[in-house]
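Asker: Please find one structure pasted underneath; my questions will follow.
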Amino acid sequence: MSPVLQTLADLVRINSINSSYEGGPGEAAMAAYVRRFFEQRGMDVWEQEVFPGRNNVIARIPGRDASRRIVFEAHMDTVSVKGMTIDPFDPVVKDGKMHGRGSVDDKAGLAAMMHAVADIHASGDRPPCEVWLAAVVDEEYSFRGVVKLCEDLKADAAVVAEPTEFKCVIASKGVLRWRIRTKGKAAHSSKPHLGVNAITAMSRVVLALNEDHERMQEVKHPLLGPGTCNVGVIHGGVQVNFVPDEAVIEIDRRLLPGEEVPDVLAHYQTLLDALMKRHPDVMAEMETPMLQDWPFQTDEGAAVVQLAREVLGEMGRENGVSGVPFGSDASKFARLGIPTVLFGPGSIDQAHGAVEYVECAEVEKALAVYTEIARRFV
């Protein structure tokens, strides 16, 4: 295998399941590998603690203009291996595809970025501006790695690795997740009139959310389409012969650029208030969000966008701009006002799946794209 594919195979062999998931050891072994990769090449590299034993790793190439910086970023953690039908840590190559957990999300992009930075360092030619490679923790759970990286960060552009089907992505939806709880009154099921059924109340809430979601389809972003709302979890009741006194749902709302979390939450609170006014038996309350991540959109005229499109065009690839529905670390850079491009090999359709894989040829081509952007960004 080529050096970048050998590195990718090494990364796949490392179990880096996020430690917030059952049985996940975290990213410590990955961080040690990445740091050693750069130390062996005589490069400037250091770690940044996010949680005890879970550190970001940052490598640096000095640039001709020390006042400017471009950051290449990829995450080291993966989701669980539950439900996989292949060996998650055996990087088998078959039909031109490398398999294994993390092969496409996000170790392919990370390996390509590592070699892009290392190759530029080995060439002895200083790039126009300072180049950072940041391998971060915790993208698959709460984004704390990139949040830590962005503390006091100064940069003129960022390229974030995610499987984008080799497209230049300049917009993505944000993610907001929270719970709604309905309260009732317990009673014996033989006399339900003596109680207040929290599940029945929650059914009204779910129907109201669904009607609101249908109205949401009327507002479409040119790259992302409409926002979405999904009730993904519901709990309620103790046993079948009780009138349930509580029910809970968990909601996943995907935000469009321009939507702010406080405004969205206020909208749903207004929705609940109106429902409770119409139906006095509905007693519902919203809880503090479990997760909030902003949408992002980079201006098409930004220098990093123009350069990425130019490089893709030179390679004979599609060089328009695209949007994706999933969240990523990119929004945290954009929130700082750093023009950001999301780009990487493979498809999100293979991420988190029972059989995860990435096209080997796309990994090598991604290496070429990252290298050219790092060499030419000014």
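Asker: All but one of (1) buried (at least 16 other Cβ atoms within 10 Å of the Cβ); (2) under 30 Å from GLN297 (Cβ atoms) hold for MET202; which doesn't?
Answerer: All conditions pass for MET202, except number (2).
Asker: Restricting attention to segment 222-231, which residues are within 20 Å of SER322 (Cα to Cα) and either open to solvent by 50 Å² or more (accessible area, probe 1.4 Å) or in contact with a strand residue (DSSP E or B) (Cβ under 7 Å, 6 or more places away or on another chain) (or both)?
Answerer: Kept after step one, since they are within 20 Å of SER322 (Cα to Cα), are these residues of segment 222-231: 222-228.
Correct list: PRO222, LEU223, LEU224, PRO226, GLY227, THR228.
Asker: Can you tell me which residue within segment 136-172, out of those that are over 14 Å from the mean Cα position of the chain (by Cα) and either over 19 Å from THR298 (Cβ atoms) or part of a helix (DSSP H, G or I) (or both), is modelled with the lowest pLDDT?
Answerer: ASP152
Asker: State all residues of segment 269-310 that are of a type outside the set (A, V, I, L, M, F, W, C), closer than 22 Å to LEU224 by Cα and modelled with pLDDT of 95 or more; if no residue qualifies, say none. Don't jump to the end; show me each part of the working.
Answerer: Step one: list which residues in segment 269-310 are of a type outside the set (A, V, I, L, M, F, W, C), which gives 269-270, 273, 277-281, 285, 287-289, 292-293, 295, 297-301, 306, 309-310.
Pick out the ones that are also closer than 22 Å to LEU224 by Cα and you get 292-293, 295, 297-301, 306, 309.
Of everything in segment 269-310, those that are of a type outside the set (A, V, I, L, M, F, W, C), closer than 22 Å to LEU224 by Cα and modelled with pLDDT of 95 or more turn out to be PRO295, GLN297, THR298, ASP299, GLU300, GLY301, GLN306, ARG309.
Asker: Quick one: which of PHE72, PHE89 is in contact with a helix residue (DSSP H, G or I) (Cβ under 6 Å, 6 or more places away or on another chain) and in a loop (DSSP other than H, G, I, E, B)?
Answerer: Of PHE72, PHE89, the one residue that is in contact with a helix residue (DSSP H, G or I) (Cβ under 6 Å, 6 or more places away or on another chain) and in a loop (DSSP other than H, G, I, E, B) is PHE89.
Asker: Checking the structure you have, find out if any residue of segment 311-333 is at pLDDT 95 or above, under 22 Å from the mean Cα position of the chain (by Cα), among the basic types (Lys, Arg) and under 30 Å from ASP152 (Cβ atoms).
Answerer: yes
Asker: Now for a separate question. Among residues belonging to segment 106-135 that are under 28 Å from PRO295 (Cβ atoms) and either out of contact with any helix residue (DSSP H, G or I) (no Cβ under 7 Å at 6 or more places or on another chain) or at pLDDT below 95 (or both), point out the one that is surrounded by the most Cβ atoms within 10 Å (Cβ to Cβ).
Answerer: Result: ASP106.
Asker: Restrict the check to segment 26-45 and report whether at least one residue is charged (D, E, K, R), at pLDDT below 95 and not in a strand (DSSP E or B).
Answerer: For segment 26-45, residues charged (D, E, K, R), at pLDDT below 95 and not in a strand (DSSP E or B): absent.
Asker: Next up: Considering segment 23-36 alone, what residues qualify as being open to solvent by 10 Å² or more (accessible area, probe 1.4 Å) and not aliphatic (A, V, I, L, M)?
Answerer: Within segment 23-36, GLY23, GLY24, PRO25, TYR33, ARG35, ARG36 qualify.
Asker: Among strands (runs of 3 or more DSSP E) lying entirely in segment 284-378, which contain 1 or more residues that are in contact with a Leu (Cβ under 9 Å, 6 or more places away or on another chain), open to solvent by 60 Å² or more (accessible area, probe 1.4 Å) and in contact (Cβ under 8 Å) with a residue 60 or more places away in the chain?
Answerer: By residue number, 291-293.
The values are calculated or read from the model by the stated rules, or taken from the named source; none is laboratory data. As the structure is a computational prediction, the values presented were derived from the model and not from experiment. Positions of Cβ are generated from backbone atoms using ideal geometry, with glycine treated the same way; all protein chains shown enter the neighbour counts. These area figures cover heavy atoms from the full protein model, side chains too; ligands, DNA and RNA do not enter into them. Shrake-Rupley method; radii C 1.70, N 1.55, O 1.52, S 1.80 Å.
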